[in-house]
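*Asks:* Dropping a structure here in structure tokens format, bear with me for questions.
The values are calculated or read from the model by the stated rules, or taken from the named source; none is laboratory data. All values derive from a computational prediction rather than experimental measurement. No Cβ is skipped: glycine too gets one built from the backbone with ideal geometry, and neighbour counts run over all protein chains shown.
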Amino acid sequence: MTNETWGQVRNILRSEVGQNNYRTWIEPLEFAQVEEGVATFLVPTNFIGNWVERNFGDKILRQMIALGARVSRLSFVVPQTPRAVDAADAAEPAGAAHVSAKAQSEPAELPGAPLDPRLTFDSFVVGKPNQLAYAAARRVAEGGPVTFNPLFLYGGVGLGKTHLMHAIAHEMQARRPDLRVVYLSAEQFMYRFVQALREKQMMDFKHMFRSVDVLMVDDVQFIAGKDSTQEEFFHTFNALVDQNKQIILSADRAPGEIKDLEDRIKSRLQSGLVVDLHPTDYELRLGILQAKVARYREQYPELVIADDVLEFIAHRINTNVRVLEGALMRLFAFASLVGQEISLEKAQDALSDILRASDRKVTVEEIQRKVAEHFNIRMSDMIGPKRQRSIARPRQVAMYLAKAMTTRSLPDIGRRFGGRDHTTVMHGVRRIDELKVSDAQLAEDIEILRRALEE
Ligand code: ADP
Ligand code: MG
């Protein structure tokens with residue numbers, strides 16, 4: 001592999017991991033060499049090396065291989081004299097970098113995905129917004145008679161669904177090592193299914209999934225609209241329920257709200273216990289930050305982050321725990337670089353882009369302007385009375401985005417569209433919701449606009 005290949009890999013990674021992660025974790029990597037299948041990178045600190053290996057190692061490896069590099073492993077090395085010395089000689093392996101989640105993977109014949117050893121009940125911080133989900137998860141994990149089947153966890157991105165599922169799996173596996181507990185994403189389920197079809201191994205597939213004791217499928221909204229996968233999932237589901245086997249599912253929304261999912265499946269999904277994870281509140285966020293700091297300081301006692309910094313982050317970054325973690329990890333990376341306590345001022349500086357992104361409150365007017373610009377209509381037409389489709393459609397898109405991206409009520413939005421009635425707004429929102437499904441171009445327009453507005 002050459003530096004040029006690494007340049008390409010970096011570009012792909014940039015879009016895969018997002019600009020924030022890219023800047024903090026990928027940019028500081030300096031490609032050194034590939035020798036005997038091991039790609040070596042120079043990293044500024046051990047903390048950064050470990051973090052990259054753990055969180056982005058698979059992605060990096062996959063992209064390198066996709067671009068033809070003959071690599072089977074990554075190694076992250078902190079140069080002794082920064083950057084000056086040849087990597088191979090100065091090599092000091094980056095600590096515990098090779099303890100990967102893979103070590104805990106399921107026995108080969110089970111179709112599940114590996115469990116992340118960090119995602120346990122112990123490391124899950126409980127607060128008001130997630131206490132019900134936590135209690136239900138604990139209850140199911142204790143085994144015993146199957147009372148809720150399925151357990152259906154739902155909630156927005158980064159609120160802890162996957163974490164709870166892994167925690168349940170760990171707990172069950174610990175209590176009952178004989179149980180065949182399988183955790184996988186709905187996407188992996190589909191992949192397995194399609195593969196079995198292609199290789200004419202449906203019997204094996206069916207047998208495999210019907211022989212598990214506990215089936216956990218993450219992000220089931222993914223199978224919406226995928227008819228034959230749905231069908232197969234439904235049969236697997238029924239077969240397991242009939243045998244009184246526990247099923248645990250997650251999705252980003254309630255069963256009834258998953259579009260393009262057959263009604264009989266929806267009602268099956270609702271037939272057990274449905275619990276949701278609410279957006280985090282300040283106390284929960286602070287609790288999560290404190291817990292994570294405590295954990296990281298066990299490993300890196302030299303990294304110090306002032307208390308008011310945590311309060312500040314908990315206050316300013318709302319809802320998504322993943323973003324919260326990202327911010328904290330950036331501060332740790334920063335602390336490991338500067339070798340001193342991170343003050344509030346430094347934190348604000350280091351996190352300015354993340355803070356700006358979560359600060360951003362889009363206004364209805366901004367939405368109208370962006371949409372008008374995108375569809376090439378005038379702002380006066382956007383809020384004016386004209387009803388021809390070339391104007392009415394963009395107007396509906398703007399209403400739709402206003403509903404989705406602001407906290408304004410329908411009447412309030414109506415007022416901002418030249419004093420329209422709230423039923424008009426509701427109609428517009430529904431119309432776009434329907435059209436999005438059949439009109440790929442429209443769906444894409446909306447995604448582009450949404451992204452532009454989120455920036
Ligand atoms: P989801 O699957 O709902 O999108 P995840 O379970 O992947 O979210 O959570 C995102 C990140 O936030 C994970 O690293 C997870 O460990 C962490 N996280 C979420 N909720 C909590 C919590 N209550 N306590 C500790 N960590 C949490
Ligand atoms: Mg998840």
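*Asks:* Go through the residues of segment 194-207 one by one and say whether even a single one is within 16 Å of ligand 1 (Cβ to nearest atom), in the same structural domain as Arg253 (by TED's automatic domain parsing) and among the aliphatic types (A, V, I, L, M).
*Replies:* no
*Asks:* Within segment 353-363, does at least one residue satisfy the condition of being without any contact (Cβ under 8 Å) to a residue 40 or more places away in the chain and either part of a helix (DSSP H, G or I) or touching a strand residue (DSSP E or B) at 6+ places or on another chain (Cβ under 7 Å) (or both)?
*Replies:* Within segment 353-363, the first condition is being without any contact (Cβ under 8 Å) to a residue 40 or more places away in the chain, and the residues that meet it are 355-356.
Cutting the leftovers down to either part of a helix (DSSP H, G or I) or touching a strand residue (DSSP E or B) at 6+ places or on another chain (Cβ under 7 Å) (or both) gives us 355-356.
Looking for residues that are without any contact (Cβ under 8 Å) to a residue 40 or more places away in the chain and either part of a helix (DSSP H, G or I) or touching a strand residue (DSSP E or B) at 6+ places or on another chain (Cβ under 7 Å) (or both), one finds at least one in segment 353-363, hence yes.
*Asks:* From the list Met382, Met426, which one is under 31 Å from the mean Cα position of the chain (by Cα), assigned to a helix (DSSP H, G or I) and farther than 30 Å from Ala327 by Cβ? Write out each step before concluding.
*Replies:* Working: Met382 fails: under 31 Å from the mean Cα position of the chain (by Cα).
After applying the criteria, what remains is Met426.
*Asks:* Okay, moving on. Would you check if there is a residue in segment 219-228 being among the hydroxyl-bearing types (Ser, Thr, Tyr) and within 22 Å of Ala137 (Cα to Cα)?
*Replies:* no
*Asks:* Out of the residues in segment 216-263 meeting the condition of being part of a helix (DSSP H, G or I) and in contact (Cβ under 8 Å) with a residue 60 or more places away in the chain, tell me which one is nearest to ligand 1 (Cβ to nearest atom).
*Replies:* My answer is Pro255.
*Asks:* Okay, moving on. Kindly evaluate Ala335 against the criterion of being closer than 27 Å to Gln221 by Cβ, hydrophobic (A, V, I, L, M, F, W, C) and more than 16 Å from ligand 1 (Cβ to nearest atom).
*Replies:* Answer is no for this residue.
*Asks:* Going by the structure shown, is Val212 away from ligand 1 (no atom under 16 Å from the Cβ), under 22 Å from Leu153 (Cα atoms) and either part of a strand (DSSP E or B) or among the β-branched types (Val, Ile, Thr) (or both)? Spell out the reasoning first.
*Replies:* On the way: away from ligand 1 (no atom under 16 Å from the Cβ): yes; under 22 Å from Leu153 (Cα atoms): yes; either part of a strand (DSSP E or B) or among the β-branched types (Val, Ile, Thr) (or both): yes.
For Val212, the condition - away from ligand 1 (no atom under 16 Å from the Cβ), under 22 Å from Leu153 (Cα atoms) and either part of a strand (DSSP E or B) or among the β-branched types (Val, Ile, Thr) (or both) - is met.
*Asks:* Is it the case that Val125 is within 11 Å of ligand 1 (Cβ to nearest atom) and either surrounded by 14 or more Cβ atoms within 10 Å (Cβ to Cβ) or not assigned by TED's automatic domain parsing to the domain that holds Ala239 (or both)?
*Replies:* Considered against the rule, which asks whether it is within 11 Å of ligand 1 (Cβ to nearest atom) and either surrounded by 14 or more Cβ atoms within 10 Å (Cβ to Cβ) or not assigned by TED's automatic domain parsing to the domain that holds Ala239 (or both), Val125 comes out as yes.
*Asks:* Taking segment 178-188, which residues are surrounded by fewer than 18 Cβ atoms within 10 Å (Cβ to Cβ) and either closer than 19 Å to Asp116 by Cβ or in contact (Cβ under 8 Å) with a residue 12 or more places away in the chain (or both)?
*Replies:* Answer for segment 178-188, where residues must be surrounded by fewer than 18 Cβ atoms within 10 Å (Cβ to Cβ) and either closer than 19 Å to Asp116 by Cβ or in contact (Cβ under 8 Å) with a residue 12 or more places away in the chain (or both): Leu179, Glu187, Gln188.
*Asks:* Scan segment 153-184 for residues that are more than 22 Å from Val125 (Cβ to Cβ) and either hydrophobic (A, V, I, L, M, F, W, C) or at pLDDT 95 or above (or both) and report the count.
*Replies:* So the count comes out to 4.
*Asks:* Give me the pairs: first residue in segment 24-38 and within 30 Å of Asp353 (Cβ to Cβ), second residue of a type in the set (Val, Ile, Thr) and in a loop (DSSP other than H, G, I, E, B), beta-carbon distance under 8 Å, and six or more apart or on different chains, which are they?
*Replies:* Taking only residues 6 or more apart or on different chains, the pairs are Pro28/Val43; Leu29/Val43; Glu30/Val43.
*Asks:* Then there is this: Which residues, counting only those in segment 137-177, are more than 18 Å from Asp116 (Cα to Cα), surrounded by fewer than 22 Cβ atoms within 10 Å (Cβ to Cβ) and away from ligand 2 (no atom under 14 Å from the Cβ)?
*Replies:* Arg139, Glu142, Gly143, Gly144, Pro145, Val146, Thr147, Phe148, Asn149, Arg176 - these are the residues of segment 137-177 that are more than 18 Å from Asp116 (Cα to Cα), surrounded by fewer than 22 Cβ atoms within 10 Å (Cβ to Cβ) and away from ligand 2 (no atom under 14 Å from the Cβ).
*Asks:* Of all helices (runs of 4 or more DSSP H) completely enclosed by segment 266-352, which ones contain at least 3 residues that are within 16 Å of ligand 2 (Cβ to nearest atom), in contact (Cβ under 8 Å) with a residue 12 or more places away in the chain and farther than 22 Å from Asn46 by Cβ?
*Replies:* The qualifying helices (runs of 4 or more DSSP H) are 321-338.
*Asks:* Okay, moving on. Can you tell me which condition Tyr191 does not meet? The list is (1) in contact (Cβ under 8 Å) with a residue 60 or more places away in the chain; (2) away from ligand 1 (no atom under 16 Å from the Cβ), and all the others hold.
*Replies:* Tyr191 satisfies all of (1) in contact (Cβ under 8 Å) with a residue 60 or more places away in the chain; (2) away from ligand 1 (no atom under 16 Å from the Cβ) except (1).
*Asks:* Among (1) closer than 18 Å to Phe124 by Cα; (2) over 21 Å from the mean Cα position of the chain (by Cα), where does Arg264 come up short?
*Replies:* (1)
*Asks:* Still on this model: Given the conditions (1) of a type outside the set (A, V, I, L, M, F, W, C); (2) assigned by TED's automatic domain parsing to the domain that holds Glu345; (3) closer than 28 Å to Val212 by Cα, and given that Ser271 satisfies all but one, which numbered condition is not satisfied?
*Replies:* Evaluating Ser271 over (1) of a type outside the set (A, V, I, L, M, F, W, C); (2) assigned by TED's automatic domain parsing to the domain that holds Glu345; (3) closer than 28 Å to Val212 by Cα leaves (2) as the failure.
*Asks:* Still on this structure, please answer the following. Quick check on this structure: which one of Ala294, Ala239, Ala254 is modelled with pLDDT of 90 or more and either among the hydroxyl-bearing types (Ser, Thr, Tyr) or loosely packed, with under 13 Cβ neighbours inside 10 Å (or both)?
*Replies:* Going through Ala294, Ala239, Ala254 in turn, the sole match is Ala294.
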